Amino acid sequence: MNHIEADYIKQFGGTLMTKGKSIHALVILMFTQFISGGVTNTKGIVLDQVENDLGLDMSEFGLVVFIFQLGFTLASLIIGYYTDKKGLRLMTIVGSIIMGLGFFGTGIAPNILFFLGFYMIVGFGLGALGVASNSIIPVAYPNNQNRMFNFAMGIYGLGMVVFPQFLNYMFQFASWRYFYIGIAIALIAVIIYITTVAFPDGKVEKIDLKAFIPMLKDAQFVFLLFFLMFEVSAEVSFMNFFPSYLKSLDLGVGTAAKEDMVATILSIFSIFFMIGRLGVAYLTNWINERLILITFSAGSLIMVGAGFLVATSFPYLFAGAGLFFSTLFPTATAFGTKISKTGGSALGLIYIAAGIGGGLAGYIVGVASEIFGMAGGFSVVLIFLALMLLTSFFMNAEKSNQHQAG
């Protein structure tokens, strides 16, 4: 064999290895996005069951949401840092182990205290896998990042659609505990898979704490952070408390029928959400981020407000809010990275703002529900949406200090 043939075989083998790594990365990406979408969209359904099983009151319900968001936010920062240091494969395995332990512990939790502790671990694990899976795309598909990010969003949305229907069916004959334990078992298979196949090596962009200072001095970035706090507050409150709110209404049907209705509305919401997420990439070709944020913020407020007005006669209207919620976070994130010179650090601040908003919102709505009833507590979503819309009017990339400096 001459050196030309040897070089060809080496190159061909390397191409196959690269392609093999990409396929394995795609499998992991599909699983993590599917699970993430499903778990995110069914926290409210599961917690509604936990409320009956463990005696969870609404203030504790809100504390659970706060704990979950806190874990998720911490993971976004800590795991991002260590992925840069230790590499993608190891941190994907670590994230899977953490989330598996969290789900298993939550599934066997004998009381609220244990449930809260393990639920924070679930949030941490989900955040860790989110960071790792998002890091897979630039490494495994450097030339098709936009297409693969859209594909990941589609799989995430598929999980959001499928899981509510699956849970509604499962709860007819099995406890919520089996759902969480089942995910933990599935994660064991994922860990074995990651450790035995070729996997792309990759790192995430570093978060530079010093870069936070110029961003926090930029009024536009501060407006963005407040916008994200209110947006995530509204979205988290809606997704987590809607099942309990709907079941508290006098709809003239039994509990089983209401549970069917909740699952159907959340699935339709998720379909609209998925359509919006996939469509926003095309919208930004013709419309700037500011106009999208104002328009879809207004749409969210109008749709949820109208849903309240006809809640007892046509609760399915709430599902339409999914279309308007869908574009807000990714568009706001794009706005932030556009006006910042350091994308990794900008994302770090965005995750912090999102975590604060989601965590505090869960606790506030939980306490309000305990004091004013489910309808009173759930209506706090409208306050978050109104504040979000108000903030969107102040956002303008052209007025950013960093944008002008760049």
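The values are calculated or read from the model by the stated rules, or taken from the named source; none is laboratory data. Predicted, not measured: the structure shown is a model, and the values here were computed from it. Cβ coordinates were reconstructed from backbone atoms using ideal geometry, including for glycine residues, and neighbour counts include every protein chain displayed. In case anyone asks, the SASA skips ligands and DNA or RNA and just uses the protein heavy atoms, side chains included. Shrake-Rupley method; radii C 1.70, N 1.55, O 1.52, S 1.80 Å.
Some points to look at:
- Only protein heavy atoms count here; under a 1.4 Å probe, D57 has an accessible surface of about 60 Å².
- Remark: accessible surface ordering of R277, R89 (largest first) is R89, R277, probe radius 1.4 Å.
- Dipole of region 208-267, positive end: most advanced residue of F226, L249, I213 [Cβ charges, Cα centre]: I213
- Neighbourhood net charge (13 Å Cβ-Cβ; Lys/Arg +1, Asp/Glu -1) for V65: -3
- Spin-label model, W286/N396: points 7 Å from Cα along the beta carbon direction are separated by 2.5 nm.
- Each Lys or Arg adds one and each Asp or Glu takes one away; over the other residues whose Cβ falls under 14 Å from the Cβ of V367, this sums to -3.
- Accessible area per residue (1.4 Å probe, heavy atoms of protein chains only) ranks Y363, Y245 as Y363, Y245, with the largest value leading.
- Along region 153-165 the Karplus relation, 6.51 cos²θ - 1.76 cosθ + 1.60 evaluated at θ = phi - 60°, assigns HN-Hα couplings of 4, x, 5, 4, x, 4, x, 4, 6, 6, 4, x, 5 Hz to successive residues, with x for each Gly and Pro.
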